[in-house]
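Below: one structure, written as structure tokens.
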Amino acid sequence: MKDKKPKRPRLRRAGTDKRLSLAHDDRDALEDLLGYSFKDRTLIDMAMTHPSALADRQRHQQSNQRLEFLGDRVLGLVIAERLYVRRPDEAEGKLAPRLNAFVRKDACAKAARHKGLDRFVMLGDSERHNGGAKKEKILGDACESVIGAIYLDGGLNAARKFIESAWQPVFEANKVGRVRDPKSLLQEWAQARKYPLPSYRETGRQGPDHSPVFTVLVEIADAYSASGSGSSKQDAERAAAEYLLNELEADE
């Protein structure tokens, strides 16, 4: 049985600035799926507007890029708070990879599919014909944009409520013992692309002996690199791996 092709959202142009907006019934259906009704509905329109749907000069102010930036930070705060409260006995070194597992782009994309956002993302013709509504990065960005839009419209509690609902499949998939360390994930990324294994090198150490801060550089084949810091070499290596994974993910 073939996958059902996502329904293309019906669009309309709002005002003289050519801003894109969802049709009223599509917007109502989306709000039902989100479990949130917007006071300022231009925010959800913007959250669903991928840059490919706009001319270059419009993308900065009218696409979902700025909302995605905000939503990413709100998501990180909500998940960090959730982990802090629910795992009071875990050290920072264990909390960090759990946080990374919940805020990675694939987790955001899974949450987007859970809420049916792929039906409503507004794409340019080329991106739509290339299957953009199924692409992990586009879906992940859209989900983070929705978080940013809800946060601006209804505050942190409203954004937290959406995240708790949308991330249920992600929480289920990352129960105790199933969260992967960022160093392992980075190694798998390199191996899948036939690169040599990541190498780690200490590049700095600051602070007193009883409370040092280490800085580590991770490199893959002289092509990719990132730095991270932590209270131990192991924590610094995990931080560097996480930063590099996020950079690689953004470029894909």
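The values are calculated or read from the model by the stated rules, or taken from the named source; none is laboratory data. Remember, it's a predicted structure, so these values are computed and weren't measured experimentally. Note that we place each Cβ from the backbone using ideal geometry, even for glycine, and neighbour counts take in every protein chain shown. What goes into the accessible areas is simple: the full protein's heavy atoms, side chains included, and nothing from ligands, DNA or RNA. Shrake-Rupley method; radii C 1.70, N 1.55, O 1.52, S 1.80 Å.
Exceeding 19 Å between C-alpha atoms, which entries from my cross-link table qualify? They are Lys183/Lys233; Lys39/Lys161; Lys94/Lys135.
From the list (Lys183/Lys233; Lys39/Lys161; Lys94/Lys135), the Cα-Cα distance tops 19 Å for Lys94/Lys135.
Just to verify a number: what accessible area does Ser227 come out at with the full protein assembly present, 1.4 Å probe, Å² rounded to tens?
Surface accessible to solvent at Ser227 totals approximately 60 Å².
Would you give the gap between the C-alpha center of segment 194-252 and the C-alpha center of segment 118-171, rounded to a whole Å?
Comparing the Cα centres of segment 194-252 and segment 118-171, I get a distance of 29 Å.
How far, in degrees from 0 to 90, does helix 92-103 lean away from the longest principal axis of the Cα atoms of the chain, to the nearest 10?
20 degrees
Have a look at Pro97, Pro169, Pro88 and tell me which one the Gaussian network model of the chain (Cα, springs below 10 Å) gives the largest fluctuation.
Pro88
Return one number: the angle in degrees, 0 to 90 and rounded to the nearest 10, between the long axis of the Cα atoms of helix 105-115 and the longest principal axis of the Cα atoms of the chain.
For 105-115 against the chain, the angle is about 40 degrees.
Which of the peptides 136-147, 152-163 is most tightly packed, and how do the rest follow, judged by the mean count of other Cβ atoms within 10 Å per residue?
Put in order of decreasing packing, that is 136-147, 152-163.
Considering only protein heavy atoms and a probe of 1.4 Å, how much of the accessible area of the chain is carbon and sulfur, as a whole percent?
The C+S portion of the solvent-accessible surface of the chain is 49 percent.
According to a simple spin-label model (label point 7 Å from Cα along Cα-to-Cβ), what is the distance in nm between Ser199 and Glu92?
2.9 nm
With n ≥ 4 as the cut-off for DSSP H runs, can you work out [θ] at 222 nm for the chain, using -39500 (n - 2.57) per run divided by the number of residues, rounded to the nearest 500?
Here the helix-only value at 222 nm equals -17000 deg cm²/dmol.
When ligands, DNA and RNA are left out and all protein chains stay put, how many square angstrom of accessible area per residue does segment 47-89 have with a 1.4 Å probe?
In whole numbers, segment 47-89 has 59 Å² accessible per residue.
Rounding to the nearest 10 and keeping the result within 0 to 90°, find how far the Cα-based axis of helix 233-251 lies from the longest principal axis of the chain.
Helix 233-251 sits roughly 30 degrees off the main axis of the chain.
Report the charge-dipole magnitude of the chain in Debye, nearest 20, computed about the Cα centre from +1 at each Lys and Arg Cβ and -1 at each Asp and Glu Cβ.
Charge dipole of the chain: 900 debye, to the nearest 20.
Which three extents, in angstrom, do the Cα atoms of the chain have along their principal axes, listed largest first?
Each principal axis gives a Cα extent; for the chain these are 62, 42, 39 Å.
Given 10 °C and 1.306 mPa s, compute D for segment 106-245 with the Stokes-Einstein relation, Rh being the Kirkwood radius over Cα pairs; round to the nearest whole µm²/s.
Taking Rh from Cα pairs, D becomes 90 µm²/s.
Which loop-located trypsin sites (Lys or Arg not before Pro) does segment 35-117 contain, where loop means any DSSP state but H, G, I, E or B and the Cβ has at most 12 other Cβ atoms within 10 Å?
Hits after loop and neighbour filter: Lys39.
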